[in-house]
Amino acid sequence: MSDLEIRPVTQDDLPAVVAMLADDPLGAQRESPDDLGPYRAAFQRVADDPNQHVVVAVREGRVVGTLQLTVVPGLSRRGTTRSIIESVRVHGDERGNGLGTRLIQWAVDESRRQDCRLVQLTSDITREDAHRFYERLGFTASHVGFKLAL
């Protein structure tokens, strides 16, 4: 996988990123690949925030993976800074070849570089394959997550 580049997302990457976000049963219900307007606005908010890191994995000029890493300074745990991994996606024809592991390793390495002491993530309760993947990488299902739609 030496031909793989992990780099910050650009506006030009948005169609490919949104397509990956929509490419599963959950994403198909909540994403709108035909209307990039909201994603362009969100891109600008993310780009303006130094604690947000959205990256893409690119192979041979093609976006094949993505994730978002958020760095969260905090008071708990003696003032620990933590990071949150979100929106991990690998293109369908790239799954199973280690790309997801490479993306998560990038996020963990960047978290260390940002002086984080804890990396956390959430995964929808129905994504059992993803849960096994994260556990294989050393993550522990230690908390129950809650959401409130607004």
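Which numbered condition in (1) part of a loop (DSSP other than H, G, I, E, B); (2) crowded, with 18+ Cβ neighbours inside 10 Å; (3) touching a residue at least 60 places away in the same chain (Cβ under 8 Å) is the only one that residue 124 fails? Against the list (1) part of a loop (DSSP other than H, G, I, E, B); (2) crowded, with 18+ Cβ neighbours inside 10 Å; (3) touching a residue at least 60 places away in the same chain (Cβ under 8 Å), residue 124 comes up short only on (2). Within segment 111-121, the set of residues being out of contact with any Ser or Thr (no Cβ under 7 Å at 6 or more places or on another chain) and assigned to a strand (DSSP E or B) comprises 120, 121. Among the residues of segment 81-110, those identified as small (Gly, Ala, Ser) and either in contact with a Lys or Arg (Cβ under 7 Å, 6 or more places away or on another chain) or part of a strand (DSSP E or B) (or both) are 83, 87.
For beta carbons closer than 6 Å, sequence separation of 6+ or different chains, a first residue in segment 134-150 that is assigned to a loop (DSSP other than H, G, I, E, B) and a second that is surrounded by 10 or more Cβ atoms within 10 Å (Cβ to Cβ), the qualifying pairs are 137/104; 145/122.
Looking across segment 101-126, the residues that are modelled with pLDDT under 95 and more than 15 Å from the chain's Cα centre (by Cα) come down to 125, 126. Being within 24 Å of residue 114 (Cβ to Cβ), exposed (fewer than 12 other Cβ atoms within 10 Å of the Cβ) and charged (D, E, K, R), is that true of even one residue in segment 70-83? The answer is yes; a qualifying residue exists. Filtering segment 89-111 to residues that are surrounded by 14 or more Cβ atoms within 10 Å (Cβ to Cβ) and in contact (Cβ under 8 Å) with a residue 40 or more places away in the chain leaves 89, 90, 91, 99, 102, 103, 106, 107, 110, 111.
Tell me, please, whether a residue that is in a helix (DSSP H, G or I), loosely packed, with under 13 Cβ neighbours inside 10 Å and without any contact (Cβ under 8 Å) to a residue 60 or more places away in the chain can be found in segment 44-64. Yes, the conditions are met somewhere in segment 44-64. When segment 16-41 is limited to residues that are in contact with a helix residue (DSSP H, G or I) (Cβ under 9 Å, 6 or more places away or on another chain) and in a helix (DSSP H, G or I), the one that is surrounded by the fewest Cβ atoms within 10 Å (Cβ to Cβ) turns out to be 30.
Yes or no, residue by residue, for (1) farther than 22 Å from residue 135 by Cα; (2) under 12 Å from the mean Cα position of the chain (by Cα); (3) at pLDDT 95 or above:
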residue	(1), (2), (3)
20	yes, yes, no
27	yes, no, no
50	yes, no, yes
56	yes, yes, yes
68	no, yes, yes
85	no, yes, yes
96	no, no, no
99	no, no, yes
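Taking residues in segment 71-83 that are modelled with pLDDT of 95 or more, and partners anywhere that are in a strand (DSSP E or B) and among the small types (Gly, Ala, Ser), the pairs with Cβ atoms closer than 9 Å and at least 6 places apart or on different chains are 71/83; 72/83.
Looking only at residues that are of a type in the set (D, E, K, R) and assigned to a helix (DSSP H, G or I) in segment 1-15, which one is farthest from residue 129 (Cα to Cα)? Top of the filtered list is 12.
The values are calculated or read from the model by the stated rules, or taken from the named source; none is laboratory data. No experiment lies behind these values; they were computed from the predicted model shown. Because the Cβ atoms are built from the backbone with ideal geometry, glycine has one as well, and the counts that use them run over all protein chains shown.
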